[in-house]
Each structure stands twice: as structure tokens, then as C-alpha cells.
């Protein structure tokens, strides 16, 4: 996967109109470059997984950074900024889902885009199985699972991203994990247990 690098200047040029140009971004070019390098791949992976579309993930990554740079942040803490960025991306994804019929809100990633190696066949099958299972989950369930198990976010961090209380995240995450495992353990499926869940 290749994520095209975005610069503050490019975002200004592509998004700002005459009126919006008066509002300055809260990061300079160098600070943004460091932040972008640390967060762009995880953000793109998160959006790609919860949306099931690489091209839509590309679009929403750019929009997420644009909105992030225009935001009036309360803190310069890196963890806070990353959670804020993911919260913006989550809200953009939800706006997208609201405009679509429910059966069209998830398109599995193309398994042909998995790079070849010794275990390509196994990886393609696992990816395909996981894509189908994720497609049966609700958008919020996909968000919670990805943030917890791909990003390694704590319940508190997840709560900040998805706009819930940390106590609610624990229960909802448990239910989402149980639902995903139930889908993956259906008769006739010999799927690996992701992350050793029980």
C-alpha cells in the first residue's frame, strides 16, 4: 500500500476558498510532516477497514487532515491530537454511511491487492474471510474492533475517538468481538481465530 504524501501547502491549495484562506492552520509545514508520517498509515488502514474501500479511504484521509488542521485544538499532546484526527475521520465515515442504503455501506477490499509471498494463498483466504465477516458487522462495531486490536487503543482512547464513555466501550467491544467470532465460527468455516480471542 502506498499512501501519497500530503503537505499543508497542498491542502491549502486544494481546499481553501477565498474566505477560508483567512483562517490559518494550527501547524507549520515541518510539524505537520512529522505528525502526518506518524499517523497517515494507521489512519488510512482504519478508514480502509471500516469503510471497505481504498479509494474512499484516500478521499477521507485528505479531508480528515484538512479538518484537523483547521480545528481549534485544546492541547498539543500527541495522543490527544491523534485521537482528535481519528474522531474527525470516524465522523466523516459516519456521514458517508448515512447517505447510503444499509446494504451498500461496506465493500470488501480486493484480495488481489495483497502482495505475493510464500503464504499468499493462506493470506488471501484469511483476508477474504475477515472481509466478509467485517461486512456483516455494524459500522460502529468495525470501528471499535479496529481501534482496539489493530491500533491497540485503550478503552479511554477509543471512547475519545468514537464519542462514547469508556465504560460503554468495554461492553460494546465485548459484544462486537463475540459477534465477529460467531460469524467466523459458522459451520463450514475453518477460519483462524483473530488475535487469539475467546
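Quick notes on this structure:
- Fewest-first ranking of 155, 96, using other Cβ atoms within 10 Å as the exposure measure: 96, 155
- Ordering 178, 142, 99 from the fewest to the most neighbouring beta carbons within 10 Å gives 99, 178, 142.
- Förster-model FRET efficiency, 30 Å R0, residue 71 and residue 94, C-beta, rounded to 0.05: 0.95
- Sorting the segments 64-70, 164-170 by their mean number of nearby beta carbons within 10 angstrom, highest to lowest, gives 64-70, 164-170.
- Model label points for residue 29 and residue 181, set 7 angstrom from Cα along the Cα-to-Cβ axis, are 5.1 nm apart.
- When both the range 136-189 and the range 45-69 are represented by their alpha-carbon centers, they are found 19 Å apart.
- Cα-projected label distance for residue 58 with residue 174, points at 7 Å along beta-carbon direction, nm: 4.2
Here, each number is a calculation from the coordinates, and none is a lab measurement. Everything numeric here is computed off the predicted structure, so don't read it as measured data. Quick reminder, even Gly has a Cβ in these numbers, built from the backbone with ideal geometry, and neighbours come from all protein chains shown.
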